[in-house]
Structures are given as C-alpha cells and as structure tokens.
1. Residue check: is Pro224 within 15 Å of the ligand (Cβ to nearest atom), in a loop (DSSP other than H, G, I, E, B), at pLDDT below 95 and out of contact with any Cys (no Cβ under 8 Å at 6 or more places or on another chain)?
2. Could you tell me which residue of the stretch 175-216 is surrounded by the fewest Cβ atoms within 10 Å (Cβ to Cβ), considering only residues that are of a type in the set (S, T, N, Q) and in a helix (DSSP H, G or I)?
3. Is it the case that some residue within the stretch 230-245 is aromatic (Phe, Trp, Tyr), away from the ligand (no atom under 16 Å from the Cβ) and assigned by TED's automatic domain parsing to the domain that holds Ile25?
4. Restricting the stretch 61-115 to residues that are in contact (Cβ under 8 Å) with a residue 60 or more places away in the chain and among the hydroxyl-bearing types (Ser, Thr, Tyr), which is nearest to Lys20 (Cα to Cα)?
5. Provide a single number: the residues in the stretch 116-159 that are more than 12 Å from the chain's Cα centre (by Cα) and in contact (Cβ under 8 Å) with a residue 60 or more places away in the chain.
6. Condition check: surrounded by fewer than 18 Cβ atoms within 10 Å (Cβ to Cβ), farther than 22 Å from Ser99 by Cβ and more than 16 Å from the ligand (Cβ to nearest atom). Does Val260 satisfy that?
Amino acid sequence: MSYVILDLEWNAAFSKKRKKYINEIFEFGAVKIDDDMNIIGEFAVLIRPVIGKFMNPYVKKLTNITFDELKAAEHDFQSAMRSFADFLGDSVLMTWSTSDLLALLENQSYFTGGERLNFMKRYCDLQSYCEHCLGVGSASRQLGLSACAELLSIPVEGDQHRALADAQLSHKCFKALFRKSVLDEFIEDTTDDEFYRKLTFKSKLITDIRNPLVDRSKMFFDCPECGARCVQKSKWNVRSRSFKAFFVCPECKKEFAGQVYVKQKYEGIVFTKKIVEPKPQTEENPDNKLSSSDSADN
Ligand SMILES: [Zn+2]
C-alpha cells in the first residue's frame, strides 16, 4: 500500500457569482510514501487564481508568495487536480484534519460543479490518527501539525506554511507514529455517500444548557481522590464554550470544578469531562467560586 499526504494553501476570495467568500486554493504540495515510510515521490504546484484579485496580506506574510507569482503559474485549478489525481493513483489520501479536503470539495464544486472527489478511493485524517496515537486532542482542542512535531521532538525546519514543507513535516510525524494495525482502522472508504455526509457535517459545541440534547444525567463527576460520586454544589455556567459547576465529594470532602464539553458530532453527542482544581481565592481572583450571578447562559 502507498500513501499520499496532501497539504493545500488557500486565499479567502470573494466570489461575486456566489456572493460569498471561497477558500481559493493556490498551492498543492504532497508526498507519496511507501509501506516502509520512505518518500517515493513529491508533488508541488502553484495555481493561477481566478476568483481572487489580490492576496490576503496575512496569507502573503505566512507563505511569502506574491500575487504576481500566482498569476504566472502554469496550472489552473482543473489542470492541477488532474495532475494530482495522476500522482495519487490508488494510494490512500491523507490530510492533516479534514479542512483541506473540504477546501478541495469547495473548489471542485465552484470550478466544475462536481460534489464528489471521485479520484480518491480511500482517505485517512492524519490529525485524528496522530491524536489517537499520542492520546491527545479533545472536543475543544485539536492538535496542530507543529504542536504534534514538537511532542515528537521533530525539529520544524524549512518554509512552514508552504504546502510541500507542511506535507514533509506531516510525513515525519506519520513515520514516527506509524503502526499498520492501528492505521487500518483510520482508513475510510470514500466511495459511498456516507463518507461525504460525515465529512460535510458541521460538528459544534453546544453552549445552551437548555438544549434538549444536553443530557444532564451524563454530566456527573466521580471524586478524583477516592472515586465516590460527587454532589453538585452550583448550577451549570457557560465557560469557554463548555459548562462548569462546582462539585464536592461526600466522602473525602474534596472540592473542584467540573467542566463538561458537549459536542454534537455526526456520530452523536459526545461529552468530554475535565476536573479543574480550585485556585486559592485571592483579592485579584474573587471570581473563582463560580457564583451564579456571572452566569453567561441566561
Ligand atoms: Zn473523595
């Protein structure tokens, strides 16, 4: 089996035709990897912009590419896609999170009207694979590529935020964490509608405690010291897009704040719980008792 890690760079461009911003892709960078984790091919192309009339200054600073360079590029989106499809062949496509895949879908839909990436047969979200292997990442926080490299003590060098350099860095992370049997569970068949329903489903954190999907019977906490089921001492407050309440252990009297993220995902509602140790209360920090008066949910 071979794998292709793809990274894209894009520029938010306003489309008069669609009356909205499109993430117009201007660079493809990819590496092809064999089963022994060797790079056996590289792919890098710039794409002539059609929608955008200038480069977002932030993107220009990040990538160091000028709009004039892009205007002189050999490929338009369609020809870049055809070349990339040839490069991919029957390899498993990988991207760092599904946002690159969604950008690809958006561009394809804009330029060709197609709603499927038919050149791709199998896909793996490398970010969720690496999060799984490292035991990090949560409902509220996703693992960035450079953060992943740092956790693995991989030096970050070269032009970051250029597509090929990011694909090469992703390869180093992938190589460090490669385990065939685990990876197989992350490879998805992309030839059915289910894959696209899941891909385009917008996961979101629920921040309204009255939402009927927020099942409070699941928002209990067991004592981190002795394991006893704790007693809730305050009402739920919205904090950093999560719910927080104060708890006390009936056995050892330990007090802590319980924090719950409630995320609506394609698969269903996911509850992620964290325990926040109380800070000593000081003059500067009078608010850490989670009083109900500063509730943000009413
Ligand atoms: Zn306890």
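The values are calculated or read from the model by the stated rules, or taken from the named source; none is laboratory data. Just so it is clear, the model here is predicted, and its values are computed rather than measured. Here Cβ is always computed from backbone atoms with ideal geometry, including for glycine, and neighbour counts include all displayed protein chains.
1. Yes: the conditions hold for Pro224.
2. Top of the filtered list is Ser181.
3. No: zero hits.
4. By that ranking, first place goes to Tyr110.
5. Count: 8.
6. no
To keep it simple, each residue is scored yes or no on (1) closer than 25 Å to Cys226 by Cα; (2) modelled with pLDDT of 95 or more.
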site: Phe243; (1), (2): yes, yes
site: Gly258; (1), (2): yes, yes
site: Lys274; (1), (2): yes, no
site: Pro278; (1), (2): yes, no
site: Leu290; (1), (2): yes, no
site: Ala296; (1), (2): no, no
